[in-house]
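**Q** Sending over a structure as structure tokens; questions will come in a sec.
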Amino acid sequence: VGDVDFASASQVAGAITPVPGGVGPMTIACLLANTLTACCRANGLPEPEGLTA
């Protein structure tokens with residue numbers, strides 16, 4: 001189970017790499033980091049160090 005139907009996508013995609021379980025957890029982590037950064041900026045707070053690479 002992943003984010004896309006690998007069998008049908010592989011027939012039309014130029015390149016595809018299967019990711020077991022999808023990329024959902026990584027997407028959530030990035031959205032959370034961006035939300036925290038936006039909140040800090042909107043409220044004049046210092047951004048946490050080391051939150052993103």
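**Q** For segment 35-53, which positions are surrounded by 12 or more Cβ atoms within 10 Å (Cβ to Cβ), of a type in the set (A, V, I, L, M, F, W, C) and part of a loop (DSSP other than H, G, I, E, B)?
**A** Selection gives Leu51 alone.
**Q** Any idea which residue in segment 5-29 is nearest to the chain's Cα centre (by Cα), counting only those that are surrounded by 10 or more Cβ atoms within 10 Å (Cβ to Cβ) and outside any loop (DSSP other than H, G, I, E, B)?
**A** Thr27
**Q** In addition: Which condition breaks for Leu32 when tested against (1) at pLDDT 90 or above; (2) over 16 Å from the mean Cα position of the chain (by Cα); (3) exposed (fewer than 12 other Cβ atoms within 10 Å of the Cβ)?
**A** (2)
The values are calculated or read from the model by the stated rules, or taken from the named source; none is laboratory data. Model, not experiment: these values are computed from the prediction. Virtual Cβ from ideal backbone geometry, glycine too; neighbours counted across all protein chains shown.
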